[in-house]
Amino acid sequence: MSEQHRSDLEQRVTALLEAHDPATTDRAEFLRARWEAGLAWVHFPAGLGGLGLPRDLQAHVDDLLAAAGAPDNAPERNGIGLGMAAPTILAHGTPEQHERFLRPLWLGEEIWCQLFSEPGAGSDLAAVATRAVPDESTGEWVVNGQKVWTSSAHLADFAILVARTDPDVPKHGGLSYFLLGMREPGVEVRPLRQLTGEAEFNEVFLTDVRVPAAQLLGAVGEGWRIANTTLNSERVSIGGQAVPREAGMVGKVAQTWRAHPERRTHGAHRRLLDLWVQAEAARITGSRVRQQLAVGAPGPEGSATKLVFARLAQELSALEVELLGEDGLRYDDWTLSRPEKVDFTGRDAGYRYLRAKGNSIEGGTSEILRNIIAERVLGLPGEPRVDKDVAWKDLPR
Amino acid sequence: MSEQHRSDLEQRVTALLEAHDPATTDRAEFLRARWEAGLAWVHFPAGLGGLGLPRDLQAHVDDLLAAAGAPDNAPERNGIGLGMAAPTILAHGTPEQHERFLRPLWLGEEIWCQLFSEPGAGSDLAAVATRAVPDESTGEWVVNGQKVWTSSAHLADFAILVARTDPDVPKHGGLSYFLLGMREPGVEVRPLRQLTGEAEFNEVFLTDVRVPAAQLLGAVGEGWRIANTTLNSERVSIGGQAVPREAGMVGKVAQTWRAHPERRTHGAHRRLLDLWVQAEAARITGSRVRQQLAVGAPGPEGSATKLVFARLAQELSALEVELLGEDGLRYDDWTLSRPEKVDFTGRDAGYRYLRAKGNSIEGGTSEILRNIIAERVLGLPGEPRVDKDVAWKDLPR
Amino acid sequence: MTAQPIPAAPDLDLLPSDVETDLRRSVRAVLAKTCPTEALVALADGSDDVSGPAWSGLAHDLGLAALLVPEEHGGAGAGPREAAVVAEECGRACAPVPFLTSAVLATSLLVRLGAAESLARLAEGGTAALVVPAGTASAGSWARRTGVEVSGGRLAGEVRGVVGLPADLLLVPVHGPDGPALHLVPVDADGVAVSTHTSLDATRPVSDVRLDVEAGTPLATGDEVTAALDHALATAAGVLAAEQAGLAAWCLEQTVAHLSERRQFGRVVGGFQALKHRLADLYAEVGQASAVAAHAAAALAGESDVPVSVAVAQAFCSEVAVHAAEEAVQLHGGLGMTWESPVHLRLKRAKADHVLLGSPDAHRDALARLVDLAAPTPEAG
Amino acid sequence: MTAQPIPAAPDLDLLPSDVETDLRRSVRAVLAKTCPTEALVALADGSDDVSGPAWSGLAHDLGLAALLVPEEHGGAGAGPREAAVVAEECGRACAPVPFLTSAVLATSLLVRLGAAESLARLAEGGTAALVVPAGTASAGSWARRTGVEVSGGRLAGEVRGVVGLPADLLLVPVHGPDGPALHLVPVDADGVAVSTHTSLDATRPVSDVRLDVEAGTPLATGDEVTAALDHALATAAGVLAAEQAGLAAWCLEQTVAHLSERRQFGRVVGGFQALKHRLADLYAEVGQASAVAAHAAAALAGESDVPVSVAVAQAFCSEVAVHAAEEAVQLHGGLGMTWESPVHLRLKRAKADHVLLGSPDAHRDALARLVDLAAPTPEAG
């Protein structure tokens, strides 16, 4: 069956390439043709850039097109759009919303960001205080609040937003999910500088921002459930690629070790060997997770991937700074910059050390991940909840 | 003032020794004379073996008497009696109870044990299920239940007992505190063998054991409050002595290292040095705690002493086993024995490794100690309690 | 400082085959029946009602004594992946059987040296033991320690700390006048004295072997012995990692089960967050241990990347097994300290396994050489 | 293998005197006023409104530049215990002042070498810096690295990674033809080039110093220099432990305070047990760090047990400070990652302090020699 799909797909790719030679076709035109051919994301439905095929066939299409020199849709520029907004819109949107948003999203014509976290709602996302109130006269929603840790907000055209529409019910039930235009009046984006000196993220202040009724996703009060679709998409997208031995942080440290015999100490040697083993164990575990996914039998081990990655990144970069001795006391650059993605390997050890601290906080803290493993994988009881049956407005804050 | 106390005490000691030359006086007679002189425990009241003086003066008396070759009351044989039962009886007992119990306890004529823990009430002591029911006809209490982890039960004449007298109120309120005769009918003591092969402790089965009304300590329902007096006495008694550098477990491991150059590896060397530093840090911290106590200003650091001790004992003994290579695969003796105290240094490394596992469980688990530090020292909130306002009999078990 | 590239990682199949899954089920059933906790505990008191039935179940009922014996010698002709499955179950059950020492270590050595006659006897249920100190990780580490010498036509010497006894046949590597040689000595030969110690892990006791026997003709000599020892020790070390991974998984599962039942302070103890977080961390470790053990078995089966894969697996799984067992004892509270508890059996086995076939430190030292992470020069540090 | 006994522990007074308690209060008040977080954060952007007022407060208002200068040279004539109190507060406040580098390290060296004139200038508020790599733990570790040479009547060479600059006076140990010598070089002398780097810890920047100056007469030469360097470096290392203990205590207190305020899931976050247990463990570490730092200061003050006490304090407190700062960042969540937060300042300082005056590894290596725990011989392992 899968072989049938593959050969069918290969024929479609060949047809696309024959009709639109990448060497002579304009990039935008080629991408539009790829969309029309259902080769954008083959697991999406026909008519929406896909063919309704299994998700894992996409990699094959991408490989074939890349080999032929075809342009791609610059997915790194729209990670949240492709990884989070698109699957959520597909799952919970109306046909009109599918039509309006998915194509420009995939083509990279519209960039997306995510307005979830708030100063008072980090790990406890359901505590968001940003309010969305209907304007009876226009049918629009009027949004007020503050969001934080928003990557790409300064580049984005749209945002997926979770906001409170009913403060009188317990917190999970009073949320709704919106598609908010980032170019609308009342949206103010400020860079959020981090301990590295950079501002990868933003704070977003929303003041009487208007959202058309057609940009409510799902029903009023369904925001929590829909947000979980988004967050689960995020987890799926982590750790998908095969990794060679000594890739990433461990390779950096190993290179430093090899390059500086004069810096070696027995203490550092033991830590290096121990971390090398741990990094290799994590790599092997990742391989097995991918093999399980490939045969459609995902194991629960994947849930620990991020936890382990964060710890290793932190311990390895800490060791690297120490290996450098006095040179580790330097820093490459504190200048405020606004990188579009994290450049772990292009900068110095001190940067890696500081930036890696975020690995156990962003995208679910290590503490929350441990809760999730303990409860969902090991089946241990959840925390006693004091906020389940209390109206949001009555919760202590 | 303290100087005045000291010289006064020295005179009393001299008088005792003159009247009862240790070289020629019968041991029991000497001890009785010491009791009468108020030199048994100087911080106890006059007439009960003491003089109502500060507790820290006792060490001076003990030193003077030991230097004169006087017999002591073999305190190691009655640790629970002296360390836990006596202060509790003094604090909560009636004059009649003081008269009846304290003198034979101090003299070592009556040995005591502690009947607190149960299979279902370990860390959660207030959950004890052993019942004490009054027999209206005789005024006695009738006790039924099972206790565990009781040291010296097979040697003891009396026990301090916490039992439930009212199952219809929340659990902390339904407990009472008794002085139970261990030679009474219905008391069955069984050795409780541990992973070391030894049975340091016992299980005690209580079947219709009768306790006279006069052996209820404090009021009915006060058991929880009184038990806390006992447990606080226990904490005070831990870690009281000055410790030389490299004493205890760390010394054993260091000796093994020095004795076996052929076993040395760089990995073990780093761990040894790290643990040596940690052991020295713990020793220094203990010194400061003692200095604080000596000037009457106990710091909160003492609360972490047992936590740190347990971890170090475990890590050091683990390293020692590894240092021994194949010799570490041996064990000295699995034979069931009933030692009266833990002999950490007289046995082999494997024994130390296994026995040290108990250090983080007995006398308050490390988990409970962390709770206590977090709540009482750092002031963080307690766990959400689901059992505070529920009648004991209605709690899930 | 030479820019010698580190060995690239092969792409190995880490998922169990259907055969392996069936094998696991069979082994688990046999061990569940033959290895009750009471009987395992009684081993330390010198009462053995368990090792016979357990080995009989594996060796005779399932034919696993001959798992690695080639078919032409009457065996199953299976490989390290299947052996790892069996070992993982032995680790879970804390089984007192010579599977690792005889059916894996000794058998691999005999297979490599083509000892047809001995293999046929093992295939029929006989057992063999390699007479080296238990912590031996490689031919090199064997050669660095004193042992049995051959001179005047006799093998003589003492080897302390040997595992796998009792066994029918002793495989004795010796330092001979012309380099290493491997001799086969029946355990009942004149001049063989085996003294078995009181052992920390009573499910795999340790012995001293003293020999003063007629040398006879060695099975093999020279580099062939060295290569075969390295092969057999690596195979056993990789399979031991699976035993450790199985033991660790059992500890995690038992602890979660216990804490899901036990109540204190009116709550299920497993619901206390500090314990949940420790168990989540342990879960991550145990999952990785399982993966690296599978990787080592696959590397051994494919004869690719063996040195690195085995060293990683031993360095990692030895530590995880001990950590899992220590956490299990602590989180079972007083109950885990009692003689009747199955938990301390795993603690003792994990601690002994930590020494077996090379400590994690020794395997990390091996890695330092394999992946060009050289130690400091003596002047430094 | 020689039965050389390990140094016995002296019985040192570990409790603060009333003078020390008053001193602590004064220093804390000055630093609270002069070191606001915004100003400390701005240092990394090259804007310094803080180091001048902070040092002025300590040096001029409290006279602490001259804390260790003997009274006959115009100083306070205090000792390491008082210096440790000041350093502990500097660690808490993350103060960008040359107290450790000038008032402790350089001053101790000048006192030991009897440099009356220079000491008088330091007592008036001048600053001095020892021109050695920041990680130098002893005269021996200084001697193992290249540095400034003296030849043809000139001092020439480069020393990379120096802390304590800017300073008025450079203390330059050199490798001369007749062994070590110590030269005093005014920072404004011809041929002195100081280049200060962008530093991980902007509150204590790192510089490279290049010298090509007239040699003049050294302040001291030979073994006297070696002994004085060892004394000054040990004093500074012991006092640095107090800085680290203070920094760690601040991190713990701030984290507890933050978690006592912040709510998630309807509960005070500090009430979640997993965090409580981590904070309890950190509390134990921080308390021990404070005790071992006090012990090192007392040992220095009493000139007994200095090498062991200082090595223990550095090995222990360096790690605790980093651990406390890392936990503080993690447990402050996203907030701790922001540029405006005071928490990351401590992380950077703790990580830099870890290198300063010898890494924990270097101090553990020193202990190995001091307490007869010899490393493996090269053949082993």
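The values are calculated or read from the model by the stated rules, or taken from the named source; none is laboratory data. Fair warning: this is a prediction, and the values are worked out from it, not measured in the lab. A quick note on method: Cβ atoms are made from the backbone with ideal geometry, for glycine too, and the neighbour counts reach across all protein chains shown.
Report the residue count in the stretch A:384-397 for those that are of a type in the set (Asp, Glu) and farther than 12 Å from D:GLN264 by Cα. Within the stretch A:384-397, residues that are of a type in the set (Asp, Glu) and farther than 12 Å from D:GLN264 by Cα number 2. Quick check on the stretch D:93-113. Is at least one of its residues surrounded by fewer than 22 Cβ atoms within 10 Å (Cβ to Cβ), at pLDDT 95 or above and not aliphatic (A, V, I, L, M)? Taking every residue of the stretch D:93-113 in turn, at least one turns out to be surrounded by fewer than 22 Cβ atoms within 10 Å (Cβ to Cβ), at pLDDT 95 or above and not aliphatic (A, V, I, L, M). Among all residues of the stretch D:203-216, there is at least one that is over 28 Å from A:GLY364 (Cα atoms), within 14 Å of chain A (Cβ to nearest Cβ), surrounded by fewer than 21 Cβ atoms within 10 Å (Cβ to Cβ) and within 19 Å of the chain's Cα centre (by Cα). Within the stretch B:1-44, the set of residues being among the aliphatic types (A, V, I, L, M), more than 15 Å from B:ASP56 (Cα to Cα) and under 29 Å from the mean Cα position of the chain (by Cα) comprises B:VAL13, B:ALA28, B:LEU31, B:ALA33, B:ALA37.
Go through the residues of the stretch C:125-144 one by one and say whether even a single one is out of contact with any Gly (no Cβ under 6 Å at 6 or more places or on another chain), under 30 Å from C:GLY179 (Cα atoms), modelled with pLDDT under 95 and buried (at least 24 other Cβ atoms within 10 Å of the Cβ). Looking through the stretch C:125-144, none of the residues is out of contact with any Gly (no Cβ under 6 Å at 6 or more places or on another chain), under 30 Å from C:GLY179 (Cα atoms), modelled with pLDDT under 95 and buried (at least 24 other Cβ atoms within 10 Å of the Cβ).
Take the residues in the stretch B:169-190 that are touching a residue at least 60 places away in the same chain (Cβ under 8 Å) and within 19 Å of the chain's Cα centre (by Cα), then tell me which one is surrounded by the most Cβ atoms within 10 Å (Cβ to Cβ). Here the answer is B:TYR177. Taking the stretch C:16-77 as the region of interest, none of the helices (runs of 4 or more DSSP H) fully inside it holds 2 or more residues being acidic (Asp, Glu) and touching a Pro at 6+ places or on another chain (Cβ under 6 Å). Test C:HIS183 against the criterion of being crowded, with 19+ Cβ neighbours inside 10 Å and assigned to a strand (DSSP E or B), and give yes or no. For C:HIS183, the condition - crowded, with 19+ Cβ neighbours inside 10 Å and assigned to a strand (DSSP E or B) - is met. Elements of the type helices (runs of 4 or more DSSP H) sitting completely within the stretch C:96-176 and holding at least 1 residues that are closer than 27 Å to C:ARG364 by Cα: these cover C:107-112, C:139-143. Restricted to helices (runs of 4 or more DSSP H) entirely inside the stretch D:299-381, those with at least 3 residues that are within 29 Å of B:VAL253 (Cα to Cα) and assigned by TED's automatic domain parsing to the domain that holds D:ALA236 are D:306-331, D:360-370. Please verify whether the stretch B:129-147 includes one or more residues that are part of a helix (DSSP H, G or I) and aromatic (Phe, Trp, Tyr). No, the stretch B:129-147 has no match at all. Among the candidates C:ALA241, C:ALA274, the residue that is under 18 Å from the mean Cα position of the chain (by Cα) and at pLDDT 95 or above is uniquely C:ALA241. Whether any residue in the stretch B:338-349 is closer than 30 Å to B:THR165 by Cβ, away from chain C (no Cβ under 11 Å), in contact with a strand residue (DSSP E or B) (Cβ under 9 Å, 6 or more places away or on another chain) and surrounded by fewer than 22 Cβ atoms within 10 Å (Cβ to Cβ) is what I want to check. No, there is no match, as no residue in the stretch B:338-349 is closer than 30 Å to B:THR165 by Cβ, away from chain C (no Cβ under 11 Å), in contact with a strand residue (DSSP E or B) (Cβ under 9 Å, 6 or more places away or on another chain) and surrounded by fewer than 22 Cβ atoms within 10 Å (Cβ to Cβ). The conditions of being more than 28 Å from B:GLU76 (Cβ to Cβ), surrounded by fewer than 17 Cβ atoms within 10 Å (Cβ to Cβ) and more than 14 Å from every other protein chain (Cβ to nearest Cβ) are met by B:GLY139.
Hey, can you tell me all the residues within the stretch A:368-381 that are more than 10 Å from chain D (Cβ to nearest Cβ) and in contact with a helix residue (DSSP H, G or I) (Cβ under 6 Å, 6 or more places away or on another chain)? Across the stretch A:368-381, the qualifying residues are A:LEU369, A:ILE373, A:VAL377, A:LEU378, A:LEU380, A:PRO381.
Got at least one residue in the stretch A:240-256 being farther than 30 Å from A:PHE101 by Cβ, part of a helix (DSSP H, G or I), within 14 Å of chain D (Cβ to nearest Cβ) and touching a residue at least 60 places away in the same chain (Cβ under 8 Å)? No; the residues of the stretch A:240-256 include none that is farther than 30 Å from A:PHE101 by Cβ, part of a helix (DSSP H, G or I), within 14 Å of chain D (Cβ to nearest Cβ) and touching a residue at least 60 places away in the same chain (Cβ under 8 Å). If you go through the stretch D:349-381 and keep only what is facing chain A (nearest Cβ under 8 Å) and over 30 Å from A:ASN202 (Cα atoms), you end up with D:HIS354, D:VAL355, D:SER359, D:PRO360, D:ASP361, D:ALA362, D:ARG364, D:ASP365, D:ALA375. Scanning the stretch D:332-348 for residues that are under 20 Å from A:GLU118 (Cα atoms), within 7 Å of chain A (Cβ to nearest Cβ) and of a type outside the set (A, V, I, L, M) yields D:GLY333, D:GLY334, D:THR338, D:TRP339. Criterion applied to A:ARG193, A:ARG288, A:ARG264, A:ARG270 was being within 14 Å of chain D (Cβ to nearest Cβ) and crowded, with 23+ Cβ neighbours inside 10 Å, and the one residue passing it is A:ARG270.
Entry remark, the stretch A:64-78: residues being closer than 28 Å to A:ALA156 by Cα, assigned to a helix (DSSP H, G or I) and either touching a helix residue (DSSP H, G or I) at 6+ places or on another chain (Cβ under 9 Å) or without any contact (Cβ under 8 Å) to a residue 60 or more places away in the chain (or both) number 4 in total. For the stretch C:261-274, taking the residues that are facing another protein chain (nearest Cβ under 7 Å) and of a type in the set (A, V, I, L, M), the one that is nearest to C:GLY334 (Cα to Cα) is identified as C:VAL268. When C:LEU43, C:LEU14 are checked against the criterion of being surrounded by 12 or more Cβ atoms within 10 Å (Cβ to Cβ) and more than 14 Å from chain A (Cβ to nearest Cβ), C:LEU43 stands alone in meeting it.
Of everything in the stretch A:48-90, what is small (Gly, Ala, Ser) and surrounded by 14 or more Cβ atoms within 10 Å (Cβ to Cβ)? Give them in sequence order. Hits for the stretch A:48-90 are A:GLY49, A:GLY50, A:ALA68, A:ALA70, A:GLY79, A:GLY81, A:GLY83, A:ALA85, A:ALA86. Restricting attention to the stretch C:133-163, the residues being within 14 Å of chain B (Cβ to nearest Cβ) and either in contact with a Lys or Arg (Cβ under 7 Å, 6 or more places away or on another chain) or touching a residue at least 60 places away in the same chain (Cβ under 8 Å) (or both) number 9.
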